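Structure first, then comments.
The values are calculated or read from the model by the stated rules, or taken from the named source; none is laboratory data. Here the structure is a predicted model, which is why all the values come from computation and not from measurement. Using ideal geometry, Cβ is built from the backbone for each residue, glycine included, and neighbour counts are taken over all protein chains shown. Surface areas here come from the heavy atoms of the whole protein model, side chains and all, with no ligands, DNA or RNA. Shrake-Rupley method; radii C 1.70, N 1.55, O 1.52, S 1.80 Å.
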Amino acid sequence: MPEKGSQGTRRVLIVEDSQNWRDLLPSVFKGIETVVVKSAKEAEEALKKGGFTEIVTDGLGGDWTQVVEKSGGLPVKLLSGDVRHKHLAIEKGVKFLDKGTFDINELLK
């Protein structure tokens, strides 16, 4: 049975440009519905359809800020190997998780 979030059933939008991570991340969210897209443009289209409770995005070569702008206030986690994004993520209220050292429990919170 899916976990419940504050808005009902959790539904996570995963935005990731690497095929390996797109294959891996849904399995981390066991029992939680996920939708996986590979670009900020695809994320925008998915967000228009609605129904998400949160977003996990890769750095997308800097395009992650577009995902945040289109998030409609949903909680966003930035999962990136590029720690240069960390300061800006914090400024934007986005939780930054380093792909090299992140704790899966932090991703699932």
Give the number of residues within segment 72-109 that are in contact with a helix residue (DSSP H, G or I) (Cβ under 7 Å, 6 or more places away or on another chain), part of a loop (DSSP other than H, G, I, E, B) and within 19 Å of Arg11 (Cβ to Cβ).
-> 2
Taking segment 72-109 and keeping only residues that are open to solvent by 80 Å² or more (accessible area, probe 1.4 Å) and under 17 Å from Leu24 (Cα atoms), one is left with Thr101, Ile104, Asn105
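Select from segment 29-71 the residues that are part of a helix (DSSP H, G or I) and either among the aliphatic types (A, V, I, L, M) or crowded, with 20+ Cβ neighbours inside 10 Å (or both) and list them in ascending order.
Ala40, Ala43, Ala46, Leu47, Leu60, Trp64, Val67, Val68
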